[in-house]
Amino acid sequence: MEIVREMSRGAESVIYECRIFGVKCVLKRRLSKPYRYPILDLRINRERTLQESRIMLSALEAGADVPALLYVEPPSFSIFMEYLEGPTLMESLMEGKMDAKFLGNEVGKLVGILHSSGIVHGDLNTKNFLVVGTDVFVIDFGLAKRSFELEDLGVDVHVFMRSLESVHPAMASEVLHGFSQGYDNVTGSWDKVREKVTEIRRRGRYVRERKAKYSIG
């Protein structure tokens, strides 16, 4: 295995472009935490690596567009996966070369497949989707979990909506219109999820208002 370059680094993991027998692929390696007891750190990272890879496999089996899983190495907290060439959804929306409603529809269908399979992504921001040709793939299942709870589905969608509104305010409405259609075409439950998102947002506003009311200075 040859590591070609570091693609990104976060608090929890490092992403590398690498080659195995000449084949380009992506390596995601979780980072150890120096403040954790070594045996505990080993167990936590091993379990999270296995959980992430299993959820990715479940998503693939459900028909979701996610990178193909190539190899998992739990002792080194490593997941090897398919290398996908394409801009992030954030970059595509900023470039404006593809129809925003179409992209929203593709994302909605993709998230709908995940939710119908009991998979909650946990970090649906516009950096975690790749546009490959006319297909949209979802990446980074590091915070994913299994759940059919409406609250969890609503939070997932709320995170996506908040990402759109903060980074792409001018086209958020158009993307969300497409998203709602795509999601409902797959799940038939958009109205329920939308109501839950509204409730979640209402709770968030209430908390912010209370903080503002009782803040000092």
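Can you work out which of the residues in region 2-13 that are in a strand (DSSP E or B) and touching a strand residue (DSSP E or B) at 6+ places or on another chain (Cβ under 7 Å) is surrounded by the most Cβ atoms within 10 Å (Cβ to Cβ)? If you could, list the steps in order and put the result at the bottom.
Filtering region 2-13 down to residues in a strand (DSSP E or B) leaves 2-9, 13.
Still in the running and touching a strand residue (DSSP E or B) at 6+ places or on another chain (Cβ under 7 Å): 2-8, 13.
Working: E2: 10, I3: 11, V4: 13, R5: 8, E6: 11, M7: 14, S8: 11, S13: 21.
Filtering first and then ranking leaves S13.
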If you go through region 14-38, how many residues are farther than 15 Å from L70 by Cβ, outside any loop (DSSP other than H, G, I, E, B) and at pLDDT below 95? 1
Selection within region 87-113 - within 16 Å of the chain's Cα centre (by Cα) and part of a loop (DSSP other than H, G, I, E, B): P87
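For residues in region 16-40 being hydrophobic (A, V, I, L, M, F, W, C) and surrounded by 17 or more Cβ atoms within 10 Å (Cβ to Cβ), which is nearest to I79 (Cα to Cα)? If you could, list the steps in order and put the result at the bottom.
Pass one, region 16-40, residues hydrophobic (A, V, I, L, M, F, W, C): 18, 20-21, 23, 25-27, 31, 39-40.
Subset that is surrounded by 17 or more Cβ atoms within 10 Å (Cβ to Cβ): 18, 25-27.
On the way: C18: 12, C25: 10, V26: 8, L27: 6 Å.
So, considering only residues that are hydrophobic (A, V, I, L, M, F, W, C) and surrounded by 17 or more Cβ atoms within 10 Å (Cβ to Cβ), the one nearest to I79 (Cα to Cα) is L27.
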Kindly list the number of the only condition in (1) surrounded by fewer than 18 Cβ atoms within 10 Å (Cβ to Cβ); (2) assigned to a helix (DSSP H, G or I) that fails for L84. (2)
Residue list for region 8-57, filter: in contact (Cβ under 8 Å) with a residue 12 or more places away in the chain and of a type in the set (D, E, K, R): E12, E17, R19, K24, K28, R29, R30, R46, R48, E52
For a quick check of your reading of the model, give me the residue pairs whose first member lies in region 83-107 and is farther than 24 Å from I15 by Cα, whose second is assigned to a loop (DSSP other than H, G, I, E, B) and hydrophobic (A, V, I, L, M, F, W, C), with beta-carbon atoms closer than 7 Å and at least 6 apart or on different chains. A100/M171
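Return the only residue of I113, I119 being touching a residue at least 60 places away in the same chain (Cβ under 8 Å), outside the structural domain of C18 (by the TED database) and touching a Lys or Arg at 6+ places or on another chain (Cβ under 8 Å). It would help to see each step written out before you state the result.
Values: I113 fails: touching a Lys or Arg at 6+ places or on another chain (Cβ under 8 Å).
After applying the criteria, what remains is I119.
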Residues that are outside any strand (DSSP E or B), within 24 Å of D65 (Cα to Cα), free of Cβ contacts under 8 Å to residues at least 60 places away in the same chain and within 15 Å of the chain's Cα centre (by Cα): does region 164-187 have at least one? yes
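Do you know which residues across region 39-72 are part of a helix (DSSP H, G or I), small (G, A, S) and either touching a Phe, Trp or Tyr at 6+ places or on another chain (Cβ under 9 Å) or modelled with pLDDT under 95 (or both)?
First pass over region 39-72, keeping only residues part of a helix (DSSP H, G or I): 39-61.
Filter again for small (G, A, S), leaving 53, 58-59.
Selection gives S53, A59.
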The lone condition R43 fails out of (1) surrounded by 15 or more Cβ atoms within 10 Å (Cβ to Cβ); (2) over 26 Å from P87 (Cα atoms) is (1)
Inspect region 174-191 for any residue being farther than 18 Å from G112 by Cβ and either in the same structural domain as L114 (by the TED database) or modelled with pLDDT of 95 or more (or both) and give the result as yes or no. yes
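The values are calculated or read from the model by the stated rules, or taken from the named source; none is laboratory data. Because the structure is predicted, anything quoted here is derived from the model rather than measured. All Cβ positions, even for glycine, are placed from backbone atoms using ideal geometry, and neighbour counts span all protein chains on display.
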